[in-house]
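Before any comments, here is the structure.
The values are calculated or read from the model by the stated rules, or taken from the named source; none is laboratory data. Since we're looking at a predicted model, the values are computed, not measured. So basically every Cβ, Gly included, is an ideal-geometry build from the backbone, and we count neighbours across all protein chains shown. Surface accessibility is based on the protein's heavy atoms, side chains included, excluding ligands, DNA and RNA. Shrake-Rupley method; radii C 1.70, N 1.55, O 1.52, S 1.80 Å.
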Amino acid sequence: FESLRAYIGVTRLAAQRHVDAFLQQQIRTENATTSALTAKADMLTRIDRMFGSPDSETSISASIDKLAGRLSDLITSPEDSAARLTFLNQAQHVATDLNSMSRTVQDMRLEAEQNIADDVAQANTLLKQVANLNQQISQRVGSSLSAADLQDQRDLAINELSKLMDIRVNERDDGTVTVFTGGGQ
């Protein structure tokens, strides 16, 4: 037994990560696509609601159809003061609806600009976080220490960044990464 005791024991090794880089990049690409499509769908849904269903009596197309009908009535009986008044009322109604829609579209544009500014600020914060983690990871790898916990934190930040924009990530030999936009910048 004395010779066996020399071989029995526990060896503690540094934590190691095993990540499929291809799948990780696919997830990040899909995050960017999903976020972009969700934002577009939200805006288009709001615009669609604003215009209304074509078969609805309250839609802009129904209001314009009514205006065309009132104009037809006025053309048929130009001397009829009731037809003129009805046409003018309907024209005012359409103008009010169009002005309201214009204000709503303007508000949506301003909201989109604010969302872009917020996303840029968040992206800058996440990029700084990635840079700081890269520095810490480089130091640990250079000292032959495990950097798995920091790499996990960095991946979380990069995943959040991928929800804001299409990115590509390249890992370097020292454990750090470079982050590029989908266009290569």
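Annotations
- Counting only protein heavy atoms and using a 1.4 Å probe, the accessible area of D152 comes to about 80 Å².
- With the helix formula -39500 (n - 2.57) applied to DSSP H stretches of n ≥ 4, the chain reaches a computed 222 nm mean residue ellipticity of -25000 deg cm²/dmol.
- Other-chain or far-sequence residues with amide H under 5 Å of V177's (modelled H): R172
- When the chain is described by a simple charge dipole with +1 on each Lys and Arg Cβ and -1 on each Asp and Glu Cβ, the residue from Q122, L98, N132 located farthest towards its positive end is N132.
- For the peptides 61-67, 103-109, residues were scored by their other Cβ atoms within 10 Å and the scores averaged per peptide; the highest-first order is 61-67, 103-109.
- Relative to the longest principal axis of the Cα atoms of the chain, helix 21-51 runs at roughly 20 degrees.
- Between A68 and R49, the simple spin-label model (points 7 angstrom out along Cα→Cβ) gives 2.8 nm.
- Using the Cβ-Cβ distance between D173 and M108 with R0 set to 41 Å, the FRET efficiency works out to roughly 0.30.
- Among [x] -0.66, -0.71, -1.08; [y] -0.41, -0.49, -1.07; [z] -0.32, -0.39, -1.00, the entry derived from the coordinates for log10 I(q)/I(0) by the Debye sum over Cα atoms at q = 0.10, 0.11, 0.17 Å⁻¹: [x]
- Divide the volume of the convex hull around the Cα atoms of the range 104-157 by the residue count and you get 49 Å³ per residue.
- Length added when fully stretched, S35-S144, from 0.36 nm per residue minus Cα-Cα: 35.4 nm
- Prolate/oblate/rounded label for the range 131-185 (Cα gyration tensor, a/c 1.5): prolate
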